[in-house]
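Below you'll find the structure, written out as structure tokens, and then a few comments.
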Amino acid sequence: MTTRHVPAAELHLHIEGTLEPELIMELAARNGIELPHASLADLRAQYQFTDLQSFLNLYYANMSVLRTEADFADMTRAYLARASAGGVRHAEIMFDPQAHVARGVPLATAVNGIAAALAASEQEFGMTTALIAAFLRDEPEQSALEILEDLLALDAPIIGIGLDSAEVGNPPAKFVRLYERARSAGLRLIAHAGEEGPPSYVSDALDLLGAERIDHGIRSMEDPALVARLAAEQVPLTVCPLSNVRLRAVDTLAEHPLPQMLAAGLNVCVNSDDPAYFGGYVDDNFAALVAGFGFDADTVATLAANSIRSSFAGADRKAALLAELGEWRTQQG
Ligand code: HPA
Ligand code: ZN
């Protein structure tokens, strides 16, 4: 069975996490920025993570090469090209506005650069997209509120908000006002929870923030009552297997809870999170699952269907993608 081109939606993707080392070096040269890592090999040697924070340190440092609208557009176009080659037909893409503003890049530069590439995506790659502003949970809520107002004042083409960065010690309760404001502005609501944080962060993201979708959510498996709830409510969980291995949320892929999550009837889908850092795009994640767990075509199709149904795409687009997935399944025999 080939899973390379299963048509799917990618719902958990940080666009800054798609900056491949080669592009980092290229943008650094273009912008006259001296990186602490002199060569591509030096830079690549940094990609050994022990946990979420050790990854975030490099992720934020590497963003320093993003200065102009063209930088953001080039990064985004490179992702769209690579993801569409791997079967992604619809992508809901997060970016970290605070991380750019904090280093002196105007909000409009980041937004306009990313949005320009997304606006051409359907024509260039046949891929529909949406943009989501993710807020850094290790920063104060007030900072997020201010940036959200700035995004709204700019009329930025965002469909929703998310919550990312260092999870433990920064619970959903810290962001109740932010999510209230976003809801009143008509935005969709998602949040990272249960990646490194405890199961209570998942229930609090649902109950205190009104999150419609949970990014990661793997630690939910530690709480049977929460698992039963997530199954009953069919809460979408955007799971990122290769990310979880690389950030040591699980020791090995073989110990990843995705098979148990499927068996428990959870609404899980497969995503790449930060593909330039974690060893692969959505197709690579599917390939690892097929190799590691022997997932058959029905299981792969279930995961892809979950991603399409859990997206914020319109009903017509979802129907078209589900039909495409049905054709793929038939071809698998
Ligand atoms: N987890 C939390 N925050 C992030 C991640 C992640 O995997 N990637 C980028 N910001
Ligand atoms: Zn993430």
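What follows draws every value from the coordinates through simple rules; no lab data is involved. What you see is a predicted model, and the numbers here were worked out from it, not measured in a lab. Glycine gets a Cβ as well: all are built from the backbone with ideal geometry, and neighbour counts include every protein chain shown.
Counting only helical runs of four or more DSSP H residues, what would the 222 nm mean residue ellipticity of the chain come to if each run contributes -39,500 (n - 2.57) and the total is spread over all its residues?
Taken over the chain, the calculation gives -14500 deg cm²/dmol.
Sort the following peptides by mean Cβ neighbour count (other Cβ atoms within 10 Å, averaged over residues), highest first: 66-77, 8-19. Walk me through the numbers before you get to the answer.
Details: 66-77: 20.8, 8-19: 27.2.
Averaged packing, sorted descending, gives the order 8-19, 66-77.
Using θ = phi - 60° and the Karplus relation 6.51 cos²θ - 1.76 cosθ + 1.60, list the HN-Hα couplings for segment 162-168 in order, rounded to whole Hz, with x at every Gly or Pro.
Residue by residue, segment 162-168 yields x, 9, 9, 6, 4, 7, 5 Hz.
Based on alpha-carbon centroids, what's the gap between segment 133-149 and segment 210-247 in Å, whole number please?
Result: 23 Å between the Cα centres.
Under a crude label model (7 Å from the Cα following the beta-carbon direction), how far is Ala231 from His5 in nanometres?
Rounded to a tenth, the inter-label distance reads 3.7 nm.
Is any helix in the chain, taking whole DSSP H runs, at least 20 angstrom long along its axis by alpha carbon and on average at least -1.0 on the Kyte-Doolittle scale, and which ones?
Values: long enough: 69-85 (24 Å, -0.18); 315-331 (24 Å, -0.61).
Once both thresholds are applied, what remains is 69-85, 315-331.
Taking amide H positions as placed in the peptide plane 1.01 Å from N, state which residues far from Asp215 in sequence (5 or more) or on other chains have amide H under 5 Å from it.
For Asp215, whose amide H was placed from the backbone, the distant partners under 5 Å are Ala191, His192, Ala193, Thr238.
Show me 193-205, 103-115 ranked by packing, highest mean number of other Cβ atoms within 10 Å first. Kindly include the intermediate steps, with their values, before the conclusion.
Numbers: 193-205: 23.9, 103-115: 18.4.
Order by mean packing, descending: 193-205, 103-115.
Just to confirm a number: summing +1 for Lys and Arg and -1 for Asp and Glu over residues other than Asn62 whose beta-carbon lies under 11 angstrom from that of Asn62, what do you get? Provide the component values of the computation, followed by the final result.
Details: positive: none; negative: Glu16, Glu20, Asp274.
So the environment of Asn62 carries a net charge of -3.
How much length is gained on full extension from Asp51 to Arg309, taking 0.36 nm per residue of separation minus their Cα-Cα distance?
On the way: separation 258, 0.36 × 258 = 92.88 nm, distance 3.10 nm.
Result: 89.8 nm gained on full extension.
With only Lys, Arg, Asp and Glu charged, each at its Cβ (+1 for the first two, -1 for the last two), find how big the charge dipole of segment 8-331 is about the Cα centre; round to the nearest 20 debye.
Values: 22 positive and 45 negative charges, 77 e Å.
Charge dipole of segment 8-331: 360 debye, to the nearest 20.
Please work out the C-alpha center-to-center distance from segment 293-320 to segment 41-91 and express it in whole Å.
Here the two parts' Cα centres lie 25 Å apart.
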